[in-house]
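Following: one structure in structure tokens, then a few remarks.
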Amino acid sequence: MASMRDIKRRRASIQSTEQITKAMKLVSTVKLQKSRERAEESAPYFDLMYDTIRSILRRSGKLDHKYLKTGASNKKAVVVITSNRGLAGGYNNNIVRLVSQSEALPAADTYVYAIGRKGKDGLVRKGYTIKADYSEVINQPMYRDASDITYELLDAFSRGKIGEIYLAYTFFKNTVVHVPKLVKLLPLDASDPENDLSHDELMMNYEPNEDEVLSAIIPKYMSSLIYGGLLQAAASENGARMTAMDSATSNAEEMIEELSLQYNQARQSSITQELTEIIAGANAIG
């Protein structure tokens, strides 16, 4: 059995850790409330943008546009949204696993546009090439950041440096459930069965022409999805960290209780031994 001094030191160390995890849980709870509100308030807009693009494609018939065709390059780009800090359970590892295990994104043919150092570091270890690092963006997501990233991706797509663009992020379902998602951003698939025209829908007319309209709206569509992914990921990160810190605090409390019991047992054993020695000494004198 460990000595009382060792048990006392270990208990003090765990109590200190418990105070830290409690504080981190409170901070994550406050951040979660704010990021969750932003994610929930913006979700209808992004859902509508997605539905609008699908509706346009459904009503347009066969279109010949650069954003509807796979690029000349066999290289692919994926925007990977994770966090800059750990202590969030499996939040970051789930995204790294999602990308690395995807058949559509082999390491040899994929460029990573990283938002979050944890995802970047994890994918580097998996053999992926980091094309750009926007890790600071996740600290305070803004639409302008998503727009800038979209511009760089579309520029590479238009110049034939990449042929497909994906987005990997974590969807915030509720406080304890966060779903890793991989979404294909470009090329948009006009032949998707979801885009089939029903009998009561009229064909879409473009003014001034379909090329100019799609060239204007598809970048906004991409920016909206990336920004939505940033907000969803921020809420998921704080939710995951709050849950992880809550679990760590509970584990610390259990360990403290167990160590307190061991300390009391050791103390009782020490007192019993001292009494036994005193009684034995008194009997020897008598």
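Quick note: the coordinates plus some simple rules give every number you see, no bench work behind them. All values reported here derive from a predicted model rather than from experimental measurement. Cβ: placed from backbone, ideal geometry, glycine included. Neighbour counts: every protein chain shown.
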Please give the length that would be gained between Tyr45 and Arg97 if that part of the chain were fully extended, namely 0.36 nm times their separation in residues minus their C-alpha to C-alpha distance (nm, one decimal). 15.8 nm
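For the chain, what is the mean residue ellipticity at 222 nm derived from helices alone (per DSSP H run of n ≥ 4: -39500 (n - 2.57); sum divided by total residues; nearest 500 deg cm²/dmol)?
Details: 5 runs with 166 residues, N = 286.
When only DSSP H runs of four or more count, the value is -21000 deg cm²/dmol.
Quick one: net charge around Thr249, please, counting Lys, Arg +1 and Asp, Glu -1 for every other residue with C-beta under 14 Å from its C-beta. The partial results should precede the final answer.
On the way: positive: Lys22, Lys25, Arg241; negative: Glu18, Asp246, Glu253, Glu254, Glu257.
Local net charge: -2.
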In degrees from 0 to 90, rounded to the nearest 10, what is the angle of the helix 91-100 Cα long axis to the longest principal axis of the chain? 50
What do you get for the angle between helix 143-158 and the principal long axis of the chain? Use alpha-carbon atoms, 0 to 90 degrees, nearest ten. 50
Grab the eigenvalues of the alpha-carbon gyration tensor for the chain, scale each by 5, take roots, and send me the semi-axes largest first in whole angstrom. 59, 19, 14
Arranged from highest to lowest average of other beta-carbon atoms within 10 Å per residue, in what order do the peptides 273-280, 82-89 appear? 82-89, 273-280
Could you list which residues have their amide H under 5 Å from that of Ile165, counting only those 5 or more apart in sequence or on another chain, with H placed in the peptide plane? Ala77, Leu185, Leu186
For Glu277 and Glu257, what is the calculated FRET efficiency with R₀ set at 41 Å and r taken between the beta-carbons, to the nearest 0.05? 0.85
Under 26 Å from the Cα of Lys75, which lysines turn up, not counting those fewer than eight places away in the same chain? Lys62, Lys66, Lys118, Lys120, Lys126, Lys131, Lys161, Lys181, Lys184, Lys220
Sequence-distant residues sharing a close amide H with Thr82 (under 5 Å, placed H): Ile115, Gly116, Gly119
Determine the percent antiparallel among the DSSP beta bridges restricted to the chain, to the nearest 5. 35
